[in-house]
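Colleague: I'd like to ask some things about the structure below.
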Amino acid sequence: SAPDTARAQTIQAAKPQNTEEAFALKATLETRLAYILTGDAQLDAASHGGLKGLSTLLRQRTAVEPGDPIGVNIDRDELSLFPVLYWPVSISQRPLSNKAVEKLNAYLRGGGTVLFDTREQSQINFDPFGVGGPESAKLRDMLGSLDIPTLIPVPKDHVVNKSFYLLKGYPGRWTGGTVWVERRGGRHNDGVSSVIIGSHDWAGAWAVDRSGAAMFPMSSGGERQREMAYRFGVNWVM
């Protein structure tokens, strides 16, 4: 009976003791892409669908085999479990708490990457120097609380342009507009930026429903533009 006893003890040890342990097990037993929960049910569903679509493509085309994406509560959940975070900016999001600011700064210092997406390019492009719509203003307020270096447009030789595909643009549902990264130096690690910012609605371009069909139409370039949006997503993760 010894092997059966040992097996039972192993199963018992693997059972999470609380919600934090359950979340950690779910996040670490498989590689998962994660998105910040905004409290807006439609936006959170779009983020989940977007990272689900991107995860499926990664399994098809790369060595990365992510499980289902996870929504992350910025105040409650452990960020270091995820190498990348997608953050759709919503004007309804509450201001960052002191705890959230500390966690985010530690995450960025530790090598994590956050893709901020204001999704408002149909109106106006994000600019860190004061231009943009209400989502851009919300993002600037958040960034003011964080330890982030000066932002610059993505340089042509940046790693995001060549980590898997060779890219010359970064379309989502919207195309054109400037994508911003932190200036190189300091926290810079092999060309990988801790912050990428745009207004392209990338998750909207990647999003699929339960049947695997696209959830949202593209703004102009059709399925070719969606393909290029997927390629940007692959490069972001890789």
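Colleague: Sort through Pro153, Pro128 and tell me the only one that's open to solvent by 40 Å² or more (accessible area, probe 1.4 Å), in contact with a strand residue (DSSP E or B) (Cβ under 7 Å, 6 or more places away or on another chain), within 21 Å of Val192 (Cα to Cα) and at pLDDT below 95. It would help to see each step written out before you state the result.
Modeller: Working: Pro128 fails: open to solvent by 40 Å² or more (accessible area, probe 1.4 Å).
Just a single option satisfies the conditions, and that option is Pro153.
Colleague: Can I ask one more? So, in the stretch 120-170, exactly how many residues are in a helix (DSSP H, G or I) and under 21 Å from Met238 (Cα atoms)?
Modeller: Number of matching residues: 3.
Colleague: Sticking with this structure for a sec: Name the residues in the stretch 49-68 that are open to solvent by less than 10 Å² (accessible area, probe 1.4 Å) and modelled with pLDDT of 95 or more, would you?
Modeller: Gly49, Gly50, Leu51, Gly53, Leu54, Ser55, Leu58
Colleague: Please tell me if Asp201 is of a type in the set (D, E, K, R) and touching a helix residue (DSSP H, G or I) at 6+ places or on another chain (Cβ under 8 Å). Before the answer, list the steps.
Modeller: On the way: of a type in the set (D, E, K, R): yes; touching a helix residue (DSSP H, G or I) at 6+ places or on another chain (Cβ under 8 Å): no.
Against the criterion (of a type in the set (D, E, K, R) and touching a helix residue (DSSP H, G or I) at 6+ places or on another chain (Cβ under 8 Å)), Asp201 does not qualify.
Colleague: Now, a different point. If I filter the stretch 72-107 down to residues being among the charged types (D, E, K, R) and open to solvent by less than 50 Å² (accessible area, probe 1.4 Å), which single residue comes out as nearest to Gly39 (Cα to Cα)?
Modeller: Step by step, filter the stretch 72-107, then rank; the result is Asp75.
Colleague: Considering only residues that are over 13 Å from the mean Cα position of the chain (by Cα) and either closer than 13 Å to Gly212 by Cβ or aromatic (Phe, Trp, Tyr) (or both), which ones fall in the stretch 54-74?
Modeller: Thr56, Leu57, Arg59, Gln60
Colleague: Which one of Tyr86, Tyr35 is in contact (Cβ under 8 Å) with a residue 60 or more places away in the chain and closer than 15 Å to Ser194 by Cβ?
Modeller: Tyr86
The values are calculated or read from the model by the stated rules, or taken from the named source; none is laboratory data. As the structure is a prediction and not an experimental result, all values here were calculated from the model. Note: ideal-geometry Cβ built from the backbone for every residue, glycine included; neighbour counts use all protein chains shown. All accessible areas refer to the heavy atoms of the entire protein, side chains included, with ligands and DNA or RNA removed. Shrake-Rupley method; radii C 1.70, N 1.55, O 1.52, S 1.80 Å.
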